[in-house]
Amino acid sequence: MSSNEAFKALADPTRREILALLRRGEMTAGALAERFDMTKPSMSHHFTVLKEADLITSRREGQQIWYGLNTTVVEDLMTWAMGLIGDGNQKGTKKQ
């Protein structure tokens with residue numbers, strides 16, 4: 001995962017909402033698209049950005065594409081983010 005791609009993906013509120021919906025479990029592209037007032041090409045673009053950032057997985061089942069949250073990458077990203085705020089006891093940080 002490129003952190004630049006992940007941050008680009010997370011910068012958009014629509015993509016953050018897609019990730020929030022996928023927290024509940026896999027959903028089809030159509031079911032996700034129903035939640036947003038935008039064209040199919042726009043939704044497809046959001047899915048592509050999320051897939052390129054490795055934040056979601058996809059699988060085809062017949063004519064349907066199912067998307068799911070890539071929890072491993074999301075957990076890695078959260079661990080990294082939490083490390084930024086840490087407890088202040090790490091080398092190179094000042095305690096207040």
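Tell me, which residue of the range 79-96 that is under 17 Å from ASN4 (Cβ atoms) and open to solvent by 60 Å² or more (accessible area, probe 1.4 Å) is modelled with the lowest pLDDT?
This residue is TRP80.
So VAL73 ticks every box in (1) open to solvent by 60 Å² or more (accessible area, probe 1.4 Å); (2) of a type in the set (Val, Ile, Thr); (3) touching an Asp or Glu at 6+ places or on another chain (Cβ under 7 Å) but one. Which box is left unticked?
For VAL73, the exception is condition (1).
Would you please name the residue that is least open to solvent (accessible area, probe 1.4 Å), looking only at residues in the range 12-28 that are under 16 Å from MET78 (Cβ atoms) and among the hydrophobic types (A, V, I, L, M, F, W, C)?
Across the range 12-28, the extreme among qualifying residues is LEU22.
Restricting attention to the range 65-78, which residues are over 15 Å from ARG16 (Cα atoms) and at pLDDT 95 or above?
ILE65, TRP66
Answer yes or no as to whether ALA31 is farther than 14 Å from VAL73 by Cα and open to solvent by less than 40 Å² (accessible area, probe 1.4 Å).
Yes, satisfied.
The values are calculated or read from the model by the stated rules, or taken from the named source; none is laboratory data. This is a predicted model, so every value here is computed, not measured. Positions of Cβ are backbone-derived with ideal geometry, glycine not excepted, and every protein chain shown enters the neighbour counts. The area values use the complete protein model at the heavy-atom level, side chains included, leaving out ligands, DNA and RNA. Shrake-Rupley method; radii C 1.70, N 1.55, O 1.52, S 1.80 Å.
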